[in-house]
Amino acid sequence: MKRVGSRVPVQLLVISTIQKQWRREISGWSIFTVLLGLAIILPIAIVLSGLFQEGPKWDHLASTTLSSYFTNTLILIFNVSVISIAFAILPAWLVSTCDFPGRRFFEWGLIMPLAIPTYVAAFVYFQVPDAAIPLLISIRSQFGVEAFILAEKELRYGVLSCTMAGVLFPYLYISARASFSQQRQAMIEASFMLGKSSRATFFKVALPLSRPAIVAGLSLILMEVINDYGAVNFFGVPTLTEGIFRTWFGLQDRSSAVRLAGIVVLAVFVILALERAQRGRARFSQSSQMSAPISRRKLKGLKRVMSVLVCLIPLAIGLLLPVSQLITWSAMTYREVLNPDFFVQLGRSLGLSLGAAVIITAVATLFAYAAKLHPAGWLRFLNRFSTLGYASPGAVIAIGVMVLFGAIDRLFGSAVVSGTMLAIGFAYLVRFLTVAYQPIDAGLSQVCGRMDESSRVLGKSPLETLVRINIPLIKGTFIASAILVFVDILKELPLTLILRPANFDTLATTAFGLAKEGRIQECAVPSLIIVMAGASGLAILYRLSSFTEKR
Amino acid sequence: MLSVKDISRQYAGALRPAVSKVSLDLRQGEILVLVGESGSGKSTLLRLIAGLEAPDHGEVFIEGRRVADAFGHDWVPPEKREIGFVFQDGALFPHLTVAQNIGYGLAKSGKGSRVETVRSMLETVGLAGFEERYPHQLSGGESQRVAVARALAPQPKLILLDEPFSNLDPALRRSLRDEIKEILLKVEATAIMVTHDAEDALAVGDRIAVFREAKIEQVGTPSELYHHPKNAYCARIFGRANRVDFPGSDPEWVRPERMTLLSERGSAHDVEVQIVQLKNVGRHIEVTVECLDREFWTLFLGNGEELERGKKAWVRIESVSM
């Protein structure tokens, strides 16, 4: 008998093992994953490489407005974080540990402000500084121009911070509530038994235990603040993202804009890395042991009333007031707004969102199935890497795609891809692939491997197995993912503003355009449609998460 | 038909290989049973043959064609190997009816022949009329029979069964086992079945391979393995066995039913023993004796009224002609 293995020297065996591993890893699926992963990373890599290029007006920028972009961003981040903590933590604690009237309503109601994009909230709350003009004028007449400028600025920054926190605090609320309700009854009781009051228990036990979750929620809020363009533009608070727009379109200095985008994306990745790091250490302190959930204490008297108020205030600011205002305005203007033109635009906007959502969901499914076929770590790593697209602000991705497609155009000698649906669709893919990928990946991993193996052994290719076995089995997740992407695209603003083809408007850009023209009441109808879409997306997310919890 | 040469597979992160340098051959129409404890590597061998795992070393041939080797040169993916596979839990597709499950592996032939094949497969496994049911409406035994029908429907060259009865209760298990053996004989299948149950192995296999710690200990017909186990491990898998050291040859393992207890020496080959223990277990009396080389043997006797602990006796060993 021929015995190959025994005569081959060890070094050769090692090489052959590596060779063999590679041969098995190469398939249409892994090649697809690598190409897609690279395509997604490319715009971000381009923006990051911009850090090392200096545009013609960089010195000008650095000596004038750059520092105010930084300080404005930092001020906003600080304000929104503080207000979000005030809005989110106590309601999360009350809802998960106490019993009071309306608790069940608040439990999910406090999530709903997320349905309102920051720019829509900004349309509504811009009335506040507007309404304060008489007051400001009286300040000027009493204390002079400088006091007026200071008061006006403080007012705008304050209202903007409140506005953003009002619709972003649910990120913090969701993660804090999840953490509070996972805490073990025994730990809370131990604190009571040791003679601590419920206030001391909250500060000394519950809050420190929830620190990782709270930091995670806050980091999401920070990233949304950095991502925002509409609200800060509307309130005239130029942040770094606004700075990208101004440098690209105002100063016409593309290199400097790319560099600014590079700084922004770097900042976001640093936040992301810090958040990961703090969560990584905390993981070990969490007990995985099953134990009784916290039993809710019934509140009495003044505490009862106070609890309702504590939950009602953020809900009113983040949801009830803006929505009722939008409804009022819509009632005033719908006759003029709902003209044939509007419906054409609506159809195009919905069509773009739907088409892109379907394609992105399909790509995400292939992407996730490739990882299922190749359990080796490197594909998963690549998949995770591509989630960076969702972390990057829309404006940054738009800049990256502009530069990339500009380079492709130069290859052809004319503008063939820039300013097309292809450009904006690709940018959506980069940004929103993760939105569909995460639930589909989770869904596919719940389809047990023997299903796939049965199908393969019965003579079906991986693709056929995916289409005939896996997708029917996760149909619900599949559709839900597509709707989530659809909603995200529908309300996306900065990326769409930069990349939309000429004379093409989505609901978001229409609303923003109307608001910028001062036709604020007319923007209510498109805004309301966006909010309703957002609410249905949240309802789906809520169902998806409670579905996975039950398993 | 099937030839496995020197095959090895070690899972990432595992300390020892799951299958280590195993070789085995299978003739057309033969049923081979792999028996061994869980974790001994027998399921991995099945998966290597089906192409659900790739070997680190060694080769697999089906009808003379190489389908797997350590370098992936001639790698044939599972969907191209024409092998039927029955999983432990059936692994029926929950969103498809019984008919759709069985028809799943059939080539895109005319619809008429497809329906006909499904119907005749259902008849073969004794589930005629079950076409429109869904897997969740089937009992455990029914699911497994559908799984067998699904695996057989495309007329594979080879059918692999991975512990097909282990999720069933003992009574059902025995009847299903006999049924499936009948079905395999009827369609003249070439099959490999994996089980941890020695009774299954003896009942189903034309040949049996005993698996232990990633290696095959012994291959042979049921009676070879039962009566001439190679070592203590192979002997004990199939029940009680007494070690007998015949002078001048390797030790042998002798089943209790081949030993009779005599109160007097009948021939020169009878072995003198002393009765150590008597245990009445109802069906028979279990007698433990100690022979002179300090080996303990167990015998089963119909009645043992005249037996007494400490008494001297003789054991006669019947030989088995193979």
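The values are calculated or read from the model by the stated rules, or taken from the named source; none is laboratory data. No experiment lies behind these values; they were computed from the predicted model shown. Every residue, glycine among them, receives a Cβ derived from its backbone with ideal geometry; neighbour counts consider all protein chains shown.
Here are the numbers for this structure:
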quantity: Leading residue by the ranking (modelled with the lowest pLDDT) among those in segment B:41-75 that are closer than 21 Å to B:ALA14 by Cα and more than 12 Å from every other protein chain (Cβ to nearest Cβ); calculated: B:GLY41
quantity: Flag if A:LEU463 is away from chain B (no Cβ under 14 Å) and either assigned to a loop (DSSP other than H, G, I, E, B) or surrounded by fewer than 22 Cβ atoms within 10 Å (Cβ to Cβ) (or both); calculated: no
quantity: Matching entry among A:VAL487, A:VAL457 (being among the aliphatic types (A, V, I, L, M), within 14 Å of chain B (Cβ to nearest Cβ) and surrounded by 23 or more Cβ atoms within 10 Å (Cβ to Cβ)); calculated: A:VAL457
quantity: Pairs where the first residue, in segment B:73-93, is acidic (Asp, Glu) and the second is surrounded by 19 or more Cβ atoms within 10 Å (Cβ to Cβ) and at pLDDT 90 or above, C-beta under 7 Å, 6+ apart; calculated: B:ASP74/B:VAL67; B:GLU79/A:ARG456; B:GLU79/A:GLY459; B:GLU79/A:LYS460; B:GLU82/B:PRO156
quantity: Number of positions in segment B:201-236 that are assigned to a loop (DSSP other than H, G, I, E, B) and within 26 Å of B:LEU176 (Cβ to Cβ); calculated: 3
quantity: Residue ID - nearest to the chain's Cα centre (by Cα), chosen from residues in segment A:70-92 that are surrounded by 21 or more Cβ atoms within 10 Å (Cβ to Cβ) and within 22 Å of A:TYR542 (Cα to Cα); calculated: A:SER84
quantity: Any hit, segment B:120-139, residues being within 14 Å of chain A (Cβ to nearest Cβ) and within 20 Å of B:LEU52 (Cα to Cα); calculated: no
quantity: Residue count, segment B:138-175 (criterion: within 26 Å of B:ARG81 (Cβ to Cβ) and part of a helix (DSSP H, G or I)); calculated: 10
quantity: Members of segment A:466-477 found to be within 13 Å of chain B (Cβ to nearest Cβ) and either within 19 Å of the chain's Cα centre (by Cα) or over 30 Å from B:GLU82 (Cα atoms) (or both), listed by number; calculated: A:GLY476
quantity: Considering residues of segment B:237-272 that are touching an Asp or Glu at 6+ places or on another chain (Cβ under 6 Å) and not in a strand (DSSP E or B) only, the residue surrounded by the most Cβ atoms within 10 Å (Cβ to Cβ); calculated: B:ARG258
quantity: Test set (1) within 14 Å of chain B (Cβ to nearest Cβ); (2) surrounded by fewer than 23 Cβ atoms within 10 Å (Cβ to Cβ) - A:GLY443 fails condition number; calculated: (2)
quantity: Every pair of residues 6+ apart whose Cβ atoms lie under 7 Å, when the first sits in segment B:124-148 and is closer than 12 Å to B:GLU179 by Cα while the second is among the hydroxyl-bearing types (Ser, Thr, Tyr); calculated: none
quantity: Selected residue (criterion: nearest to A:ILE471 (Cα to Cα)) from residues of segment B:102-119 that are facing chain A (nearest Cβ under 9 Å) and surrounded by 17 or more Cβ atoms within 10 Å (Cβ to Cβ); calculated: B:TYR104
quantity: Residues that are over 30 Å from the mean Cα position of the chain (by Cα) and basic (Lys, Arg), drawn from segment A:185-212; calculated: A:LYS196, A:ARG199, A:LYS204
